[in-house]
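Report on the following structure.
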Amino acid sequence: MKRIQIFIISFVFLLNSKAKITTKEDLKNEKEKFSYVLGANIGRQFKDFDKEDIDMDILFQGLKAAQEGKKPIFSLQEMQKISMSYSKKLQEKSVKKMKTQIVQNKKEGEAFLLENKKKQGVKTTASGLQYTILRQGTGQKPGPTDRVKVHYRGTLLNGDVFDSSYGRGKPVVFPANRVIKGWTEALQLMPV
């Protein structure tokens, strides 16, 4: 109970704060640093909500009332019912948004593949895998159960890197058939 009160007090402090905190140096003492950390941790719980999903002013009023020990305007049962009902609506909204994004991603992916196959040096396999040979190896090609050592960079269609062995500074080793199908297929086309 005491821990929750500390979170609420810290959150109220941050919402009421007039000072603009932009760097660590703006925080003058341990209490302010601790308050900022607690606020950042609590705020992470809200980052996935759209701005229209939560009224921050009313949220603040609820936090302040609880911190001051005032009786909530809703009973515990009412709060649970409201929370469950609204959470269900938010989940439905999220699923709808995700389905729309899936359709959009598929269209963009198909358009990318259509354009990409026109580029010089791009080869397309029967499965639809597209690849380009940057530097031809002369060694043996790995089989599906062979262990391979690779350096790779995974990017989204917009070029954003989502994973990179280069970023970690060392190649990765794994059996060729323990990754997604496209990798397994591509690795078996690449001589060492």
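The values are calculated or read from the model by the stated rules, or taken from the named source; none is laboratory data. Please read these numbers as outputs of a predicted model, since none were measured by experiment. All Cβ positions, glycine included, derive from the backbone under ideal geometry; neighbour counts span all protein chains shown. Just the protein is used for accessible areas: all its heavy atoms, side chains included, with ligands, DNA and RNA removed. Shrake-Rupley method; radii C 1.70, N 1.55, O 1.52, S 1.80 Å.
Filter segment 131-186 down to residues that are assigned to a helix (DSSP H, G or I) and touching a residue at least 24 places away in the same chain (Cβ under 8 Å) and give me whichever is farthest from E110 (Cα to Cα). Walk me through it before giving the result.
Step one: filter segment 131-186 for residues assigned to a helix (DSSP H, G or I), giving 165-168, 181-186.
With touching a residue at least 24 places away in the same chain (Cβ under 8 Å) added as a condition, the list becomes 181-182, 184-186.
Details: K181: 18, G182: 15, T184: 21, E185: 19, A186: 19 Å.
Going through the qualifying residues, I end up with T184.
Residue by residue, here is whether (1) assigned to a helix (DSSP H, G or I); (2) modelled with pLDDT of 90 or more holds:
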{"position": "L38", "(1), (2)": "yes, no"}
{"position": "F49", "(1), (2)": "no, no"}
{"position": "F60", "(1), (2)": "yes, no"}
{"position": "K71", "(1), (2)": "no, yes"}
{"position": "F74", "(1), (2)": "no, yes"}
{"position": "M84", "(1), (2)": "yes, yes"}
{"position": "K93", "(1), (2)": "yes, yes"}
{"position": "K96", "(1), (2)": "yes, yes"}
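Of the residues F34, F11, F7, which is open to solvent by 50 Å² or more (accessible area, probe 1.4 Å), at negative phi and at pLDDT below 85? Write out each step before concluding.
On the way: F34 fails: at pLDDT below 85; F11 fails: open to solvent by 50 Å² or more (accessible area, probe 1.4 Å).
Among F34, F11, F7, only F7 is open to solvent by 50 Å² or more (accessible area, probe 1.4 Å), at negative phi and at pLDDT below 85.
Working carefully through the options K93, K81, find the one that is at negative phi, open to solvent by less than 80 Å² (accessible area, probe 1.4 Å) and of a type outside the set (G, A, S). Walk me through how you get there before you give the answer.
Details: K81 fails: open to solvent by less than 80 Å² (accessible area, probe 1.4 Å).
Exactly one residue qualifies, and that residue is K93.
Does F74 meet the test of being among the aromatic types (F, W, Y) and closer than 30 Å to T23 by Cβ?
Working: among the aromatic types (F, W, Y): yes; closer than 30 Å to T23 by Cβ: no.
No; evaluated as a whole, the condition is false for this residue.
Mind telling me which of the residues D48, D53 ends up being touching a residue at least 24 places away in the same chain (Cβ under 8 Å) and closer than 27 Å to L156 by Cβ?
Details: D48 fails: touching a residue at least 24 places away in the same chain (Cβ under 8 Å).
On inspection, the qualifying residue turns out to be D53.
On the basis of being more than 30 Å from E52 (Cα to Cα), touching a residue at least 60 places away in the same chain (Cβ under 8 Å) and of a type outside the set (S, T, N, Q), does E110 make the cut?
no
Mind telling me which of the residues G154, G159 ends up being at pLDDT below 95, surrounded by fewer than 10 Cβ atoms within 10 Å (Cβ to Cβ) and within 23 Å of the chain's Cα centre (by Cα)?
Values: G154 fails: surrounded by fewer than 10 Cβ atoms within 10 Å (Cβ to Cβ).
Checking each option against the conditions leaves just G159.
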